[in-house]
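What follows is a short report on a single structure.
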Amino acid sequence: MESRRITVGDRAWTVRVDGPESRHTVLLLPDAGDPVDVYDQVAARLHTSDLRTIAVESIEGLDPAGVHAILDQLGIPYTHVAARGAGATVAWQTCSGPFGRFISLVVADRGHPASPAADGTVADPGCRPLELPVTVLVTKRLPRTVADGSGRFVYGEFRVVQVDVDNVATEADHEMATEIVLRTSLW
């Protein structure tokens, strides 16, 4: 796995790039505090499906502009996005708006930021709807009702998949990889 340091202004992120040269790239965003290798098992499965992966090691300080800057510096014009936890919040925000640079989104542990959470709070009422296919993985950390409520902010095909684990990237890597592969296939 090639490790690259991406610097944008006074901020920097380390990304791990691996997999075959392919038409399809998957950007993987971790939860806050996840170890740098949290997506290694998922990435290995994606590589066997002819997908290239870019795994951000830490989302500390990462925002939508930072995601775009990382992709620009790596020369990635279009990508699929998969994320969990706090990384999923960044992913929702980054992919919101009209269809463009992002092809699909697979998220775990977080609903759309403009949709009420289990306690009724709304994290980001200004987060726009998405115009791309989205899969939400319902885990022990995300109630089904929150995931279902996110559907009204998705103007593309929307799926909800139940996975009874705490950390989908390490406990159900096969499920997460399968959902990502389904989103990258155009059939």
Interchain or long-range residues, amide H under 5 Å from Leu29's placed H = Ala82, Ala83, Arg84
inquiry  = Taking every DSSP beta bridge with both residues inside the chain, roughly what % is antiparallel (nearest 5)?
reply    = 30
ask   = Hey, got the dipole for the chain? About the Cα centre, +1 on K and R Cβ, -1 on D and E Cβ, debye to the nearest 20?
value = 460
key: Where trypsin sites (Lys or Arg not before Pro) fall in DSSP loop in the range 1-107, at most 12 other Cβ within 10 Å   = Arg23
ask   = Any number yet on Rg/Rh for the chain, C-alpha, Kirkwood?
value = 0.93
task = Find, among the GluC sites (Glu not before Pro) in the range 134-187, those assigned to loop by DSSP (not H, G, I, E, B) with at most 16 other beta-carbon atoms within 10 angstrom.
result = Glu157
request  = Rounded to whole Hz and in sequence order, give me ³J(HN,Hα) for the range 11-16 from the Karplus expression 6.51 cos²θ - 1.76 cosθ + 1.60, θ = phi - 60°, writing x for Gly and Pro.
outcome  = 10, 9, 9, 9, 10, 10
request  = Could you point to the residue in Ser96, Pro35, Ser58 farthest towards the positive end of the range 1-114's charge dipole, with +1 and -1 charges on the Cβ of Lys/Arg and Asp/Glu respectively?
outcome  = Ser96
key: Percent carbon-and-sulfur accessible area, the chain, ignoring ligands, DNA and RNA, probe 1.4 Å   = 50
query = How large are Rg and Dmax for the range 1-57 when only the alpha carbon atoms are used, in Å?
reply = 11.6, 36
remark   = Scoring the range 1-84 by relative contact order with C-alpha pairs under 8 Å, at least six apart, yields a percentage of 37
inquiry  = I'd like the Karplus ³J(HN,Hα) series for the range 107-112: coefficients 6.51, -1.76, 1.60, θ = phi - 60°, whole numbers in Hz, and an x wherever there's a Gly or Pro.
reply    = 10, 10, 6, 9, x, 4
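With every protein chain kept in place and ligands, DNA and RNA left out, what is the accessible area per residue of the chain? Probe 1.4 Å, answer in Å².
Numbers: 8220 Å² over 187 residues.
Each residue of the chain exposes 44 Å² on average to a 1.4 Å probe.
So which GluC sites (Glu not before Pro) in the range 1-85 end up in coil per DSSP with only 12 or fewer other C-beta atoms within 10 Å?
Glu21, Glu60
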note = Of all DSSP beta bridges with both partners in the range 1-108, the antiparallel percent, nearest 5, is 45
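The values are calculated or read from the model by the stated rules, or taken from the named source; none is laboratory data. Worth saying up front: this structure is predicted, and the values here are computed from it rather than measured. Counting neighbours? That spans all protein chains shown, and the Cβs are built from the backbone with ideal geometry, glycine included. Note: areas computed on protein heavy atoms with side chains; ligands, DNA, RNA excluded. Shrake-Rupley method; radii C 1.70, N 1.55, O 1.52, S 1.80 Å.
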